[in-house]
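Working notes, beginning with the structure itself.
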Amino acid sequence: MKIKILRLILLGSMLWTISCKEDLGTTEPLSSDGKGPGVVNDVKIENGPGRAVLHYKVPTDVDLSYVKARYEIRPGVFRETKSSKNNDSLVVDGFGEEKTYKVELTAFDKGENSSAPTVIEVKPTTPPIISLANTIGLIDDFGGMGIIVNNPSESDFRILVSQKVPSSNMERPISTFYTKVKNISFNIRGYEPEPVTFVVVIKDKFGNTSIPIIKDILPIEELLLDRNLYRAIKYDNDTPPLGSGRDIPAIWNNTFGDDAWHSGDGKMPMSVSFDLGKKVKLSRFKYFPRTSSNSFIFNHYNLKRFEIWGSNNPSSDWSNWELVGTYESKKPSGLPTGQLTNDDIVYAQAGEEYGVLTSAPEVRYIRVKMLESWSGLDGGQISEMQFWGQYKE
């Protein structure tokens, strides 16, 4: 019996040894030969906006590991891009000007031995930061300045806004906006209808900075509308309230966080209507969700997607109503429903502000059309709504 076991052990050892020898014969070298790989050659360049794609012939060394590009995007600031031995191209980006840049391409083996560098020149086309700076719109707006952004590349940008201090060379920082979407607009509010000079600077994720854009703005006067002029309108096809304590006037009773208008039974879309008291050119509004419990915030029946409609000759069947705007509530953290950060809570309690396009009609009557609640259930609630603009009668 002992002899049989010994034979099995010897047989297993022989098989393991043969297996190891076969593996060693088919895998790549486990250590470097101490010499650098061949150079990267036959480089072809495909220039693009603020970037370039480099296509090249990969060195044939069996211990090749990767190819690295090193380049200076502005004085003293270098970037590196690496590409595995299995690829024959890489991208160099972060260029902030439309000019010629030198790029060093170097091959490395598994022991980090390097080849001699291959130096090539790229000439990116107009970088996204310059395109955005050339097309950004700065306009007179209600209570300040409107900023219209066209960002077809959907690149990450910061837009820094400051105000020139009169009779000095100083600037006072006002706000910073972040964007990586194609088209978006921002607003600077809180100014009297007197001339003010704004300075706008754009920064990209690579640290490039645009030339300052200086704009003289004359803010358009806006007022917080008088809630004492508001009146409820009740249409049969609007959504009835949950109860007397949740009726339409709760939308403007100057109580925030609770004591909200709450829909009764019904199916989405739902609607509620009221009279502003006078015809108004709207500039913006704030929607205050129900926040008396954290469980309500970005949850429950608080509005996620909704529309504002306006009219000067209202009817129950929507025939005399015009769309003022379509809006969507955004949670700052982006966390799933039911999960909150402190920033989410503070943001909701402060009210969610939405702009109204200057092309929107002048209206007296408002109809809120609710499309989706944060919980996904049929229903809506509005703790408070405030409107700003100019009275036109």
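Taking the stretch 347-393, which residues are acidic (Asp, Glu), in a strand (DSSP E or B) and either without any contact (Cβ under 8 Å) to a residue 24 or more places away in the chain or surrounded by 17 or more Cβ atoms within 10 Å (Cβ to Cβ) (or both)? Within the stretch 347-393, 352, 372, 384 meet the criteria. A single entry from 179, 209, 197 fulfils the requirement of being closer than 21 Å to residue 93 by Cβ, modelled with pLDDT of 95 or more and among the β-branched types (Val, Ile, Thr): 209.
When 114, 162 are checked against the criterion of being out of contact with any helix residue (DSSP H, G or I) (no Cβ under 7 Å at 6 or more places or on another chain), polar (S, T, N, Q), more than 18 Å from residue 43 (Cβ to Cβ) and surrounded by fewer than 20 Cβ atoms within 10 Å (Cβ to Cβ), a single residue qualifies: 162.
Of everything listed in (1) buried (at least 17 other Cβ atoms within 10 Å of the Cβ); (2) in contact with a Lys or Arg (Cβ under 8 Å, 6 or more places away or on another chain); (3) at pLDDT below 95, the single unmet condition for residue 283 is (2).
One residue alone among 319, 315, 329, 333 is surrounded by fewer than 20 Cβ atoms within 10 Å (Cβ to Cβ) and under 19 Å from residue 263 (Cβ atoms), and that residue is 329.
The values are calculated or read from the model by the stated rules, or taken from the named source; none is laboratory data. Just so it is clear, the model here is predicted, and its values are computed rather than measured. Glycine also receives a Cβ, built like all others from the backbone with ideal geometry; neighbour counts cover every protein chain displayed.
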